[in-house]
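First the structure, in the form of structure tokens, and then the observations on it.
The values are calculated or read from the model by the stated rules, or taken from the named source; none is laboratory data. All figures in this text were calculated on a predicted structure; none of them were measured in a lab. Every residue, glycine as well, gets a Cβ built from its backbone with ideal geometry; the counts of neighbours run over all protein chains shown. Heads up: the accessible areas ignore ligands, DNA and RNA and are worked out on the full protein's heavy atoms, side chains in. Shrake-Rupley method; radii C 1.70, N 1.55, O 1.52, S 1.80 Å.
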Amino acid sequence: MVCAALGLVISAGHTVASNRRGDSAVNGQVGAELPPGGVRSLVVGQGSPVAPIGRSGIDASNLYDALRKRARVWRAWTDVYNRAKNSNAVHTREEAREFARNILPNLDRIRRKLQQDRFKFAPQIGVLLKKKTGGNKRPIVVAPIESRIVQRAILDALQDIPELRTRLTAGYNFGGVPGREFGVPGAILKAMMAMRERPHFLRTDVKSFFERVPKARAIGEVLQNTDDARFAALFTDAVETEIADAVKYGDDIRLFPLFEEGVAQGSCLSPLLCNLLLSNLDEQLNGRGIVTIRYIDDILILGKSAGTVFKAFASAQSILARLGLECYDPRRPADRAKAEYGPVAAGFEFLGCEIATSGVRPSRHNRRKLLTRINTILRDSVRLLDEPKTASEHHTTFAETLSLASRVIQGWANTFGFCTDDRVMGSLDKDISALVDRYTKTVISCTASMSDADRRRTLGVFLVADRVQPLTTRLLRSLA
């Protein structure tokens, strides 16, 4: 049964929403065909003449062989694992932990599949998140761990192409860019420096950016950097979206990027596609007294007067319109949750931070988000205090819970390590300490009446009696 309007294919008892190219089969499920027309023939812009930064170059005509090298696949796995182990999703953490148990054979299997041109990207899980400002849900796509490792290896190889790296590191966009001088800290630093001579700002987002990106053109921006046909085919498959069990999403399946428009939020390759697509906007909106800082779809324009800032904003809207995109307009009441303008002296929010001429601190939303996350981790552990064995199996013991909470806190603190408001950070520590103290007292109270064995399990100290007993053990017992 095929639902043509949604590109749904039901096969082997499962429903998959797909936009994979051609008629290639993925795990026995055939994807809907994309519109005809090759992406390599698109006319795309050139990058800025800036010297490449970072690692030495790579042979762009032989990217496929480069991405499957053991060192590159291992580096990709390391990045995927480091992100997964601190994920909010239990499934993601468990999947990474299970994959790590046989890491060398698992990575060798991926490399063999790549070497034999047999690697297939499995259907992904779709997650619909509520947006802070209401409206449509935000569609997030989570690929299986093997797919994420190969996607990361592809990204790593592409970023080693000198010409492509030059465009990425031109200094205008700071999101999804390799190099320590980029990321949120680099963007905030550039904003603070530019604010000294530019007292007016305008902050905005590109509307529904990931969902509306012209996919074929974005793919063309990447593939113009290589003539490796095997790599081009793998890359094109890597950026397509195929949602498993699509029927359960109902009409919401339309929110996922299954057709000509949109790229998957959650894929490490999507920021690369978006950044190259908007590199011309970056160049056009910097100069003549204007500094424009972009972080994927977040845009900050700084200028010497409100007039020059809005003139630059009009230019941005014109450039985006040619791509079928637009920004939120801070002058529209309906857009003010996503855009604002005014004097920098009054302060403003950008990239999850509250920025003022006096300093930077995490936004109130991000501070509350951290406390909510820690409270959830502790509460999940408390729920299983009466089931010590289950707690041990689910890794919610006292020791593991505190370890996870600590990693989350450390990750959050390092993310905002550049912030300068020590008073706010100190206040957060007090709030976290109160949550941990309350949790610790609850654990002490609940374990007081437990047996020694259950107390050990609850605290997270492994019990010898819980060891895995193989068939040999049972045979030996029968002989005793």
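Please report the net charge: other residues with Cβ closer than 14 Å to the Cβ of GLU340, K and R +1, D and E -1. Every neighbour counted, the sum reads -1. Ranked by the mean number of other Cβ atoms within 10 Å of their residues, highest first, the peptides 299-311, 104-116 fall in the order 299-311, 104-116.
Each peptide among 70-77, 184-191 gets the average number of other Cβ atoms lying within 10 Å of its residues, and from highest to lowest they stand as 184-191, 70-77.
The heavy atoms of GLU181 offer some 90 square angstrom of accessible surface to a 1.4 angstrom probe. Here segment 354-407 and segment 430-457 have alpha carbon centers that stand 15 Å from each other. Here the average projected area of the convex hull drawn through the C-alpha atoms of segment 154-249 stands at 9.1 nm². Think of segment 193-245 as having a plus end and a minus end, set by charges on the Cβ of Lys, Arg, Asp and Glu; of ALA218, LEU202, THR236, LEU202 sits farthest toward the positive end of this dipole. What is the sum of charges around PRO214, taking Lys and Arg as +1, Asp and Glu as -1, for the other residues whose C-beta is under 9 Å from the C-beta of PRO214? That sum, taken over residues with Cβ under 9 Å, equals +1.
With kT/(6 pi eta Rh) evaluated at 37 °C and eta = 0.692 mPa s, and Rh the Kirkwood radius from Cα pairs, segment 342-480 diffuses with a coefficient of 183 µm²/s according to Stokes-Einstein. In segment 273-331, the inverse of the mean reciprocal separation of distinct Cα atoms equals 11.7 Å; this is its Kirkwood hydrodynamic radius. Restricting the calculation to Cα atoms, segment 258-382 yields a radius of gyration followed by a Dmax of 17.7, 59 Å. The residues neighbouring ASP386, those whose beta-carbon lies less than 12 Å from its own, together hold a net charge of +1 under the Lys/Arg +1, Asp/Glu -1 convention.
Surface analysis of segment 153-262 yields an accessible area of 36 Å² per residue, using protein heavy atoms and a 1.4 Å probe. Take ARG212: with every protein chain present and a 1.4 Å probe, its accessible area is about 70 Å². Here LEU255 sits with roughly 40 square angstrom of accessible surface, probe radius 1.4 Å.
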